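Right, one structure below, let's go through it.
The values are calculated or read from the model by the stated rules, or taken from the named source; none is laboratory data. On a predicted model such as this, the values are computed, not experimentally measured, just so you know. Cβ sites come from the backbone with ideal geometry, for glycine too, and all protein chains shown count toward neighbours. Surface accessibility is based on the protein's heavy atoms, side chains included, excluding ligands, DNA and RNA. Shrake-Rupley method; radii C 1.70, N 1.55, O 1.52, S 1.80 Å.
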Amino acid sequence: MPPTDSGLGSSSDDTLDLQLPPEFSALFAEGHGLPGSPDVPAAGPLLDNLAGWGAAGTPAGPFELVPVRPDRDLALISGWMNDPAVAAFWELAGPPETTAAHLRGQLDGDGRSVPCLGVLAGVPMSYWEIYRADLDPLARYYPARPQDTGIHLLIGGAGDRGRGLGGMLLRATADLVLDHRPQCARVLAEPDLRNTASVAAFLNAGFRYGDEIELPGKRAALMVRDRALRDLL
């Protein structure tokens, strides 16, 4: 499946004016979940300890979101970003420093967006960003609800695209979010409308087409997976 573009929510510079809820501000003030280590945001309260979610079962084997460590993962992710099919939507082609800056914008943040490798049956084969859509600039463009959780993704290898893996892994990832974030009622994505294969994959994964929204740099399909409908779609 051609990748979903990264869209909004991937740079801490874009989110500084969106304030944390008071309960989380208090946690940070007390010294819990402070940023500063690549492991801390993924284990923090904003995404309910994403680092500890574990694996989901899929027909292709266990699938797990593993928070990115640049010292281990940068070369792999940068290589994917330089694939023309990926670069067309993510716009991060270039030297490894380009990808490193994109990752650092999240890893140095407060945990509202966590970059992850998607590991299927023990093999890293995709890149994901799980983010708090209600704390993201995206919230300015749709009727956001507290705890809305967003997804950005790309399938890394060309051999893994176009054979149904995208929809399967999107369903598994949405299930991980809903299973481990009990206060989250909706999982969202905002693929570029031009990326028809990506929109189709979301539909196959149980997402519904919510709206067409104009975002900076693209016109997007707002895709929604509702907790209330997860067993019906």
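Some notes on this structure:
- On the beta carbon distance between A101 and E214, with R0 = 25 Å, the FRET formula returns roughly 0.40.
- With every protein chain in place and a 1.4 angstrom probe, the accessible-area ranking of E129, E212, largest first, reads E212, E129.
- Cα gyration tensor, segment 55-151 - rounded (a/c under 1.5), prolate or oblate: oblate
- Proximity of backbone amide H atoms, modeled 1.01 Å from N, is registered between L193 and R219, A220, A221 at under 5 Å, excluding neighbours fewer than 5 places apart on the same chain.
- Close amide H partners of V68, meaning residues 5 or more places away or on another chain with modelled amide H under 5 Å apart, are C116, L117.
- Within segment 82-233: Cβ-based charge dipole about Cα centre, in debye rounded to nearest 20 (Lys, Arg +1; Asp, Glu -1): 320
- Taking θ as phi - 60° and the Karplus parameters 6.51, -1.76 and 1.60, the scalar couplings of segment 83-92 work out to 5, x, 5, 7, 4, 4, 10, 7, 6, 10 Hz in sequence order, x denoting glycine and proline.
- Cα gyration tensor category, rounded, prolate or oblate, for segment 137-231 with a/c compared to 1.5: oblate
- For the peptides 101-107, 80-86, residues were scored by their other Cβ atoms within 10 Å and the scores averaged per peptide; the highest-first order is 101-107, 80-86.
- Test item: Cα-centred dipole of segment 152-233, Lys/Arg +1 and Asp/Glu -1 on Cβ, debye: 100
- Note on T58/A85: beta-carbon distance plugged into 1/(1 + (r/R0)^6) with R0 of 25 Å gives a FRET efficiency of 0.65.
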